[in-house]
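*Asks:* After the structure tokens below, expect a handful of questions from me.
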Amino acid sequence: MESTLGEGSAELLEQLKSIVGPAGYRAGSDIEAKNYKDVMGARSVPPVILLRPSDTQQVSDILRACHAANQPVAPQGGMTGLVAAAAPLDGEVALSFERMKNVVEIDRFTSTMTVEAGVELQKIQEQADEHDLLFPLDLGARGSCTIGGNLSTNAGGNRVIRYGMTRDLVVGVEAVLADGTIIDGLHKLRKNNTGYDLKQLFIGSEGTLGLITRAVLKLSPKPSSQVVAMCGVKDFDKVANLLVHAQSYLGSNLSAFEVIWQNTYKLIDEHVPHATVPIADHYSFYVLIESMGSNADRDTELFIETLSKATDQGLVEEVILADSDTKIKNLWTVRDGAAEVYPGVGYMHTYDVSLNVGDMGYFGEEVEKRLRIVWPEAILGLFGHIGDGNVHIIIRTGKDTADHHLQIDEIIYGLIRELQGAVSAEHGIGLMKKQFLSYSKSESEIALMKALKQTMDPQGILNPGRVF
Ligand code: ZN
């Protein structure tokens, strides 16, 4: 299917091409399939044209022209999103940041890195590391996702418990509004209490309020010690108490508290050949705890003491400690294996929700109960960043599972509404969750969101139809 513009569009296309020059766009069959869709979306529509601006001024000129012509734009990063936000809709122009890949500056006195939107997350991590610093954002797609996408979706990942979400890791942002106005908030000031925190409007708004072109990222001192353990735990009440225990003993050294439910653990064991599970599969929960600090001997000692106290208190049944790089990697491979069971199991629906840790044990049992009423043979697994109250659920109801999407949505999000959780913890809303936005946001909150959209993008050209 070819996507086309309406009448009078030939003129706009020529204008856009002249803004970016011959290297700055792709058209027709030159547009790669990766620009059609993100990781999860079913939709796969080639954009009218793929614009690849090389700097902020070009982004501004493109948006000014599209604003004047009422032309919708789909902004694109690494296309690793999970809610079908960056996949173009019919008739949309795609704007990719793939040519804006410069690390502009690393400033070790302010511990900041200034980057363009198209830099891959992994490159940022590596550059920080070379300067003995840490950019703590980390997620599975690190090699292909870009910081612009991380920012616009407010990505989460494995180390939120210690360092926060993406929005907590930014000090300044430069963004372009729908009409081409450049908002220059690119400063390194950690304390800047001068009225509204405008950068936060662009972070997490999924490209609907403005396009982030550059950002100043907050770096942290690079930890010199890392210890990880996997614990077998009997019930969720003990998992929740183990979290409190780990927080109070390890303090700011606690850098991950990841939980794998037994159902997922068994799926990993069976379907992920490169992951070797370290403990037998008869425990109800498997908890990966990580500590990072600045004094290897003292940190390891504290970690061991924390775990042995947890054992004495009956919180954990069995512990595997990893204190070498290889052993640490093996435990993380098991945890990451939770996202890699699909090839073995077959297509699975993926959910990302947030709720109070105290409700999570009930949530897991109740999801299974409600699913099995409809599909007694359903395969499901739960796992997630429980230290942040974030759980992922993977579900396959059978060979027709793709047809059951909405029914499963109702079960999961209905339960989330009952428990006053959030229908998205870290993936965003995009198109896939927008009909459930009201399950987690009140009418007045959504009205305020719409008022902001109207003010900042009056023609509605930026990623229209996403979020609401
Ligand atoms: Zn996650």
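*Asks:* Between rounded, prolate and oblate, where does the stretch 256-328 land on the alpha carbon gyration tensor, with a ≥ b ≥ c its root eigenvalues, rounded for a/c under 1.5, else prolate if a/b exceeds b/c? Show your work: numbers first, answer last.
*Replies:* On the way: a/c = 2.59, a/b = 1.49, b/c = 1.74.
It comes out oblate by the Cα gyration axes.
*Asks:* Could you size up the charge dipole of the stretch 180-293 around its Cα centre, putting +1 on the beta carbon of Lys and Arg and -1 on that of Asp and Glu, and report it in debye to the nearest 20?
*Replies:* 680 debye
*Asks:* In addition: Taking R0 as 30 Å, what FRET efficiency do you get between LEU406 and SER144 from their Cβ-Cβ distance, rounded to the nearest 0.05?
*Replies:* After rounding, the FRET efficiency stands at 0.50.
*Asks:* Could you give the dipole magnitude of the chain about its Cα centre, charging the beta-carbon of Lys and Arg +1 and that of Asp and Glu -1, in debye to the nearest 20?
*Replies:* Taking the Cα centre of the chain as origin, the dipole is about 620 debye.
*Asks:* Hey, could you grab the Kirkwood Rh for the chain? Inverse mean 1/r over distinct alpha carbon pairs, Å, one decimal.
*Replies:* One decimal place: 23.4 Å for the Kirkwood radius.
*Asks:* Above 23 Å lies some portion of the pair distances; for the stretch 289-396, what is it as a whole percent of all C-alpha pairs?
*Replies:* 46 percent
*Asks:* Please compute the net charge surrounding PHE383, taking Lys and Arg as +1 and Asp and Glu as -1 over other residues with Cβ under 9 Å from its Cβ.
*Replies:* 0
*Asks:* Compute the FRET efficiency between ALA23 and GLU105 as 1/(1 + (r/R0)^6), taking r as their Cβ-Cβ distance and R0 = 25 Å, and round to the nearest 0.05.
*Replies:* With a Förster radius of 25 Å, E is 0.50.
*Asks:* Which ³J(HN,Hα) values in Hz, rounded to whole numbers, follow from the phi angles of the stretch 207-223 under the Karplus curve 6.51 cos²θ - 1.76 cosθ + 1.60, where θ = phi - 60° and Gly and Pro get x?
*Replies:* Along the stretch 207-223, the couplings run x, 9, 10, x, 10, 6, 9, 9, 8, 9, 9, 8, 9, 10, x, 7, x Hz.
*Asks:* Here is a further query. What nm value, rounded to one decimal, do you get for the distance between GLN247 and ASP129 when each label is placed 7 Å out toward the C-beta?
*Replies:* Calculated label separation equals 3.0 nm.
*Asks:* While we're here: Per residue of the stretch 284-290, in order, report the coupling 6.51 cos²θ - 1.76 cosθ + 1.60 (Karplus, θ = phi - 60°) as ³J(HN,Hα) in whole Hz, putting x for Gly and Pro.
*Replies:* Here the 3J(HN,Hα) series is 6, 9, 10, 10, 9, 10, 10 Hz.
*Asks:* Okay, next question. Taking the Cα of ILE373, stepping 7 Å toward and past its beta carbon, and measuring to each backbone N in the stretch 386-409: which are under 15 Å?
*Replies:* From the stretch 386-409, the list is 407-409.
*Asks:* Which value, in nm² and rounded to one decimal, describes the direction-averaged projected area of the C-alpha convex hull of the stretch 91-174?
*Replies:* Averaged projected hull area, Cα only: 6.1 nm².
*Asks:* Between GLU318 and SER294, what is the label-to-label distance in nm when each label sits 7 Å out along the Cα-to-Cβ direction?
*Replies:* Here the modelled spin labels are 3.8 nm apart.
*Asks:* Within 12 Å, Cβ to Cβ, of LEU331, how many net charges do the neighbouring residues add up to if Lys/Arg are +1 and Asp/Glu are -1?
*Replies:* On the way: positive: LYS327, LYS329, ARG335; negative: GLU258, GLU290, ASP323, ASP325, ASP336.
My count for the surroundings of LEU331 gives -2.
*Asks:* Follow-up question, since we're still on this one. Which of the GluC sites (Glu not before Pro) found in the stretch 349-396 are loop residues per DSSP with 12 or fewer other Cβ atoms within 10 Å of their Cβ?
*Replies:* GLU377
*Asks:* Net charge near GLY156, counting Lys/Arg +1 and Asp/Glu -1 over other residues with Cβ under 11 Å of its Cβ?
*Replies:* Neighbourhood net charge equals -3.
*Asks:* Something else now. If we sort 342-349, 214-221 on the protection proxy, mean other Cβ atoms within 10 Å, highest first, what's the order?
*Replies:* Values: 342-349: 13.8, 214-221: 21.6.
Those peptides, ordered most packed to least, come out 214-221, 342-349.
*Asks:* Here's another thing I want to ask about it. Just rank VAL83, VAL244, fewest to most, by other beta-carbon atoms within 10 angstrom.
*Replies:* VAL244, VAL83
*Asks:* Continuing with this model, one more query. Could you tell me the calculated FRET efficiency between ASP235 and SER9, based on Cβ-Cβ distance and R0 = 45 angstrom, to the nearest 0.05?
*Replies:* 0.15
*Asks:* For LEU134, enumerate residues with amide H under 5 Å from its amide H, sequence gap 5+ or separate chain, H modeled in the peptide plane.
*Replies:* SER220, LYS222
*Asks:* In Å, what Rg and Dmax follow from the Cα atoms of the stretch 319-369?
*Replies:* Computed over the Cα atoms of the stretch 319-369, radius of gyration and Dmax are 15.1, 41 Å.
*Asks:* I've got another one for you. Among the listed pairs LYS123/LYS329; LYS34/LYS123; LYS191/LYS218; LYS234/LYS266, give every one whose C-alpha distance is greater than 18 Å.
*Replies:* On the way: LYS123/LYS329 20 Å; LYS34/LYS123 20 Å; LYS191/LYS218 12 Å; LYS234/LYS266 15 Å.
Over 18 Å Cα-Cα: LYS123/LYS329; LYS34/LYS123.
*Asks:* Can you compute the modelled spin-label distance between LYS34 and HIS271, with each label point 7 Å from Cα toward Cβ, in nm?
*Replies:* Spacing of the two 7 Å Cα→Cβ label points: 2.6 nm.
*Asks:* Which far-off residues, 5 or more places away or on another chain, put their amide H under 5 Å from the one on GLY430, with H placed in the peptide plane?
*Replies:* Counting only residues 5 or more places away or on other chains, the set is VAL467.
*Asks:* Only bridges whose two residues both fall in the chain count here: according to DSSP, what percent of them are antiparallel, nearest 5?
*Replies:* 90 percent
*Asks:* Further, regarding this structure: Got a sec to turn the phi values of the stretch 389-396 into Karplus ³J(HN,Hα) couplings, 6.51 cos²θ - 1.76 cosθ + 1.60 with θ = phi - 60°, whole Hz, x for Gly and Pro?
*Replies:* Whole-Hz 3J(HN,Hα) from phi for the stretch 389-396: x, 10, 10, 9, 10, 10, 9, 9.
*Asks:* Under the rule of at least 5 residues apart or a separate chain, name every residue whose amide H is placed under 5 Å from the amide H of THR112.
*Replies:* The answer is ASP107, LEU219.
A short reminder: the numbers here are calculations on the coordinates, not readings from a lab. Every value quoted in this text rests on a predicted model; they were computed, and no experiment measured them. All Cβ positions, glycine included, derive from the backbone under ideal geometry; neighbour counts span all protein chains shown.
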